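For reference, the structure discussed in these notes is given below.
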Amino acid sequence: MTLYSKIIGTGSYLPQQRVTNADLTAQLAAKGIDTSDEWIVSRSGISARHYAAPDELSSDLAVAAARQALAMADKQPHEIDLVIVASSTPDYYGSFPSTACIVQRKLGMGNGSAAFDVQAVCSGFIYAVSVADAFIKAGAHKNVLVIGAEVFSRILNFEDRGTCVLFGDGAGAVVMSASDTPGILASKLHADGSYADILSVPGNLANGAIAGSAFLYMDGPAVFKLAVTVLEQVATEVLEAAGMSAGQVDWLVPHQANIRIMKSTARKLGLPMEKMVVTVDQHGNTSAASIPLALDAAVRDGRIQPGHTVLMEGVGGGFTWGAVLARM
Ligand code: UT7
């Protein structure tokens, strides 16, 4: 019997503090940095984002999202045999243990489940789902908790108006389980390290301190240009791999970085805007958390129904990109 993997539960969590463009613009103006709601909305589609409290870590956001996903999947933490966390802002910054191990402890699993982090920045959730799919199909694990969790507010340089207005914090989670009917229909992952410098946190730990910068750096226009190209390519690839056409996609759930990139991808695929899940306006760019946050929003408000075909795709630092086509 062919073994498949299926998403059987979704969950998400946004930190309490909601920061609107007006809030942020006022904070930046106090420091002499000029921006506006008009610029942020017209260039990115973002109106608000959430910031974690000082004592909230990626694992805290991850655990809150995971609990929701577990409840929807009707699974107890001890039934999970693998935890994968995608994060570029792990609890132990630049070091160890992995955030997945901290999540395992905070969920009280105590069952010896495997746990590890995946680092592919904004493509992290897509990478993690693909890895979980492969592990399940290989028969190595049955119930996998896949989480994207980020506290990007910690790595933002609030002197850099070109980046600090774009990102937010949050977490999204899915439970993926072995199934005898198809769930994940196809997935494709890519990277091109020759573009490492256009989106990075260019620092490293040396002698107990950070050498270089601990803040996010982005060449926005270069990232934009690459993103619109590779997102269309990988969407086409994953559809071909599944033997499907874009017309058979019920929902497009893209990485939520910029509404202009998202609209361009939908347009190139010939998908109407009504089929695209949009949360970037309220969440900003939450990196690895953005896709599962959007997925959960559309599952919980009833747009995404069992049996629907969902195309998820991500792009980010590395440069990394990938797509997953899933039957819910
Ligand atoms: O999650 C990983 C993937 N990330 C992405 O997909 C992000 C991709 N990039 C983008 O979304 C866009 O490039 C941005 C939203 C970052 C920027 O939009 P843009 O249309 O590419 O603008 P730009 O960087 O070319 O800047 C245009 C102008 C510049 O002024 P001049 O040189 O034309 O006078 C900037 O200095 O806008 C200025 N600017 C701002 N003005 C007001 C940059 N940031 C701001 C700001 N407020 N916050």
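The values are calculated or read from the model by the stated rules, or taken from the named source; none is laboratory data. Quick caveat, the model's predicted, so the values are computed rather than measured. Virtual Cβ from ideal backbone geometry, glycine too; neighbours counted across all protein chains shown.
Pairs linking a residue in the stretch 32-48 that is of a type in the set (Ser, Thr, Tyr) to a residue that is part of a loop (DSSP other than H, G, I, E, B) and near the ligand (Cβ under 8 Å from one of its atoms), with Cβ atoms under 8 Å and 6 or more positions apart or on different chains, are THR35/VAL165; SER44/VAL165; SER44/LEU166; SER44/ALA257; SER44/ASN258.
The single condition from (1) hydrophobic (A, V, I, L, M, F, W, C); (2) under 27 Å from LEU199 (Cα atoms); (3) crowded, with 22+ Cβ neighbours inside 10 Å that PHE116 fails is (3).
Just to be sure I understand, how many residues within the stretch 24-36 are outside any loop (DSSP other than H, G, I, E, B), surrounded by 15 or more Cβ atoms within 10 Å (Cβ to Cβ) and not polar (S, T, N, Q)? Show your work before the answer.
First pass over the stretch 24-36, keeping only residues outside any loop (DSSP other than H, G, I, E, B): 24-30.
Filter once more, keeping what is surrounded by 15 or more Cβ atoms within 10 Å (Cβ to Cβ): 24-25, 28.
Right, trim to not polar (S, T, N, Q) and you get 24, 28.
Qualifying residue count for the region: 2.
Note on the stretch 252-274: residues that are in a loop (DSSP other than H, G, I, E, B), away from the ligand (no atom under 11 Å from the Cβ) and either at negative phi or buried (at least 16 other Cβ atoms within 10 Å of the Cβ) (or both) amount to 2.
Let's see how each residue does on (1) in a loop (DSSP other than H, G, I, E, B); (2) β-branched (Val, Ile, Thr); (3) within 16 Å of the ligand (Cβ to nearest atom); (4) within 26 Å of ARG300 (Cα to Cα):
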{"site": "ALA22", "(1), (2), (3), (4)": "no, no, yes, no"}
{"site": "ARG43", "(1), (2), (3), (4)": "no, no, yes, no"}
{"site": "LEU61", "(1), (2), (3), (4)": "no, no, no, yes"}
{"site": "LEU70", "(1), (2), (3), (4)": "no, no, no, yes"}
{"site": "ARG105", "(1), (2), (3), (4)": "no, no, no, no"}
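For the stretch 293-328, the set of residues classified as among the polar types (S, T, N, Q) and away from the ligand (no atom under 16 Å from the Cβ) consists of GLN305, THR309, listed by residue number. Figure legend. Inter-residue proximity from the stretch 267-281: first residues within 12 Å of TRP251 (Cα to Cα), second residues of a type in the set (Val, Ile, Thr) and assigned to a strand (DSSP E or B), beta-carbon distance below 6 Å, spacing 6+ or different chains. Indicated pairs: VAL277/VAL253. Exactly one residue out of PRO54, PRO97 is under 22 Å from the mean Cα position of the chain (by Cα) and surrounded by 14 or more Cβ atoms within 10 Å (Cβ to Cβ), and it is PRO97. Residue pairs whose Cβ atoms lie under 8 Å apart, sitting 6 or more positions apart in sequence or on different chains, and linking a residue in the stretch 244-262 that is farther than 29 Å from GLY220 by Cα and assigned by TED's automatic domain parsing to the domain that holds VAL129 to a partner that is surrounded by fewer than 22 Cβ atoms within 10 Å (Cβ to Cβ) and modelled with pLDDT under 95, do not occur here. Here GLU79 fulfils each of the conditions (1) in contact (Cβ under 8 Å) with a residue 60 or more places away in the chain; (2) within 19 Å of HIS255 (Cα to Cα) apart from (2). I need the full set of residues from the stretch 194-239 which are within 16 Å of the ligand (Cβ to nearest atom), touching a residue at least 24 places away in the same chain (Cβ under 8 Å) and more than 21 Å from ALA266 (Cβ to Cβ), in order please. Those that are within 16 Å of the ligand (Cβ to nearest atom), touching a residue at least 24 places away in the same chain (Cβ under 8 Å) and more than 21 Å from ALA266 (Cβ to Cβ): TYR195, ALA196, ILE198, LEU199, SER200, VAL201, PHE215, LEU216, TYR217, MET218, ALA222. In the stretch 149-171, the condition of being over 16 Å from SER287 (Cβ atoms) and more than 14 Å from the ligand (Cβ to nearest atom) is met by no residue.
You will find that of VAL131, VAL175, VAL103, the residue that is more than 16 Å from VAL63 (Cα to Cα), in the same structural domain as LEU82 (by TED's automatic domain parsing) and at pLDDT 95 or above is VAL131 and no other.
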